[in-house]
Each structure stands twice: as C-alpha cells, then as structure tokens.
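In what follows, a structure is listed as structure tokens, so that the remarks can point back to it.
Bear in mind that the values in this text are calculations on the coordinates, not laboratory data. The structure presented is a predicted model; accordingly, all values stated were derived computationally and were not measured. Please note: Cβ atoms are built from the backbone with ideal geometry, for glycine as well, and neighbour counts cover all protein chains shown.
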Amino acid sequence: MTSGERHPRVRPGGELVVRFFGVRGSTPCCSPEVHRYGGNTSCVVVEAPGTRPILLDLGTGSRLYGESLRRADGTPFRAAALVSRLHWDHVQGLPFFGPALCAGSEIEIYAPPPGCGMTLAEAIDSCIRPPFFPVTVAELPGSIRVSEAEPGRTFAVDEVSVTTRTVPHVGPTAGFRLDWQGVSITYIPDHQQPGVGSTRVDDEVLALADGVDLLIHDAQYTAEEFEQKSNWGHSTVPYAVEVARQARVRTLALFHHDPLHDDPTVDRLLGEARVQAGCAVEVIAAREGLDLRFPARTGPAAQPLPAALAFGPR
Ligand SMILES: [Zn+2]
Ligand SMILES: [Zn+2]
C-alpha cells in the first residue's frame, strides 16, 4: 500500500485505489480546528480497473467527490454506492452529488433493508422530498436505482466482489468487504462496541474483516467519552484497534471521527492507537484527500504488498 497526496490523478493500471472524501461521524463540522482531517461525513471511493467507481456511503463527502468529476469527454457517469445505514451522516450528500443532478448518470445504491415498515426506496424517498428538499429522488435528472442488500449476501460490482454482513449499531446496519485481485478492503463506519472496556468482537464483524489489507473502522470516541455514550452505536479508538488485531488486518484506518475531536485530538488518538497496536497492525487516521493504493495480486503465490510509506497526520 502506498499513500498519495491530495487526490492526484489516478493512473490506469493494476491497482485498487481507496480515496477518502468524508471521514467525520454523526454530523458535518467546519472550523479551522478540524481543517487537516476534514469535516465532511462518510464517503470513501474505491476505484479499480474495469469497475465503476464504488462509493462507500453518501455522506457530505460525496459532494466533494462529485465536484472532482469534471468530465470533459461527456462520458455518462456510472457508479455503485454501498450505503451502510440510512442515518443522515451516511446519505446526506446524495441530493448534492453532482452526477445525480446530470441527465444520463446512473447511480446504483445498495443498502440493508431499513426496517420501520418501509422498503429501502420508500425510506430514501421519504427524506429527499418536500418539505425537506425541493424535489423528489425521481425528479433528480440522473437515474438512481436502489437495491436492498440483505446482509450475508455476496454480489459483484463489475470486477469487485462485495460481501455484506450485519454490524451491531442502532438499527439495521451493514458492513462491506470488497475483494479484487487478491486485495481486500473492509468498511465498518458505525459499530456498537459491546460495553465499556469490552474486547469481545461480533463473529460477523470478524468474518468480514478477516485478514484484510485495509480495515476502515468506526473510531468515534475516547474511552472516557464512551462511558457517557455507551449505547450511542459507536466504538472507541482502543476498540477499533482490538477489532483490527483480532481480525489480523494489515492496516487500520481510524474513521468516523467525532465532530468534537479537533485535529490535535485526532493526532493524539492516532499516537495512542499506534502504541496499542505495536507491530501487529499499522494504524493510520483517515483524512479528506488521502488516497491509498493497492497493487493487484495475481494469486496466493504473489509477493506481499510493499510496506506502506510512513505517513502521519499533516
Ligand atoms: Zn455514522
Ligand atoms: Zn449511525
């Protein structure tokens, strides 16, 4: 895995690229104190050869991604979006996502059934319509198709295999694992830690993250904050490290930073997580503008990935 500067042009070739456009949990935030890590809510884009872009969540970071797609050649935009949960911080960017506002675009959204007696399409329609928004989903110029992704399923998005499992949170919530050419990424942005100081990890979560190259995981709270918010649906930074350690992942990206955590706080939590992880897991803190690159492996006999470049908070 190698790290890149703020969204350089992605070279065609045999690599999967993970691009962070929104890394914040719960609500967008904006101030000089959160400038380095960024204040947009969850949106990570995975790009792989022969595959439509795959958006992991449609938080406000998806607006930034849309802005980056100025297509001079006029090619219609086609993408898939894997949405972990319909909580606002994971879908709020959809009506501001540039391609959704362009005729000819096609966006296919996969998310777990929302419960509440509604289908997924009904639930999305219910929050993107007057009086909350000027138009309905059907009135957006782009084509938006919605598919319920029952946890436990594995399906293909072009060349990428997607596995979805139920993750403990508040209400129906999915985590996603993406496998492509021997490279594996797991995305678990919202994850309820079982209890204060707990090290127990749900079997579905362990299966989803087993041995992956990159685990992007909820790291919302400090241990002290969690004592006050132990049933708010999230993990502490130490618990994220514990999940990564038990699942034997190569790299953990701390993600879904609390809006109260300014840049120095995230720096400090990252430092503590690295001490806790030791040599077992490389730990990074996700920030807007970070790109991670994973060369394809051709099979089990392939060479291991080169060691990641050392990079810390900037
Ligand atoms: Zn969230
Ligand atoms: Zn949530």
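A few comments on the model shown:
- Peptide ranges 94-101, 40-47 listed from the most packed, as the mean C-beta count within 10 angstrom indicates: 40-47, 94-101
- Overall form of segment 87-126 per C-alpha gyration tensor (a/c, 1.5; a/b vs b/c): prolate
- With the convex hull of the Cα atoms taken as the outline of the chain, the averaged projected area works out to 15.6 nm².
- Helical contribution to [θ] at 222 nm, DSSP H n ≥ 4, -39,500 (n - 2.57), averaged over the chain, rounded to 500: -5000 deg cm²/dmol
- Förster radius 35 Å - calculated FRET efficiency between V196 and T119 (Cβ-Cβ, nearest 0.05): 0.40
- Considering only F294, P32, L64, the residue lying farthest towards the positive end of the dipole of the chain is F294, judged by Cα position with unit charges set on Cβ.
- Segment E150-A296, extension gain: residue separation times 0.36 nm, minus the distance between their alpha carbons: 49.7 nm
- With the simple spin-label model, which puts each label point 7 Å out from Cα in the Cβ direction, the L206 to R268 separation comes to 3.3 nm.
- Antiparallel content of DSSP bridges confined to the chain, in %, to 5: 50 percent
- Helix runs (DSSP H) in the chain reaching 18 Å along axis by Cα, Kyte-Doolittle at least -1.0: 263-277
- The chain - charge dipole about Cα centre, Lys and Arg +1 at Cβ, Asp and Glu -1, debye rounded to 20: 680 debye
- FRET efficiency, C279 to H35 (Cβ-Cβ, R0 45 Å, nearest 0.05): 0.90
- Compactness index (Cα Rg / 2.2 N^0.38 Å), segment 133-209: 1.39
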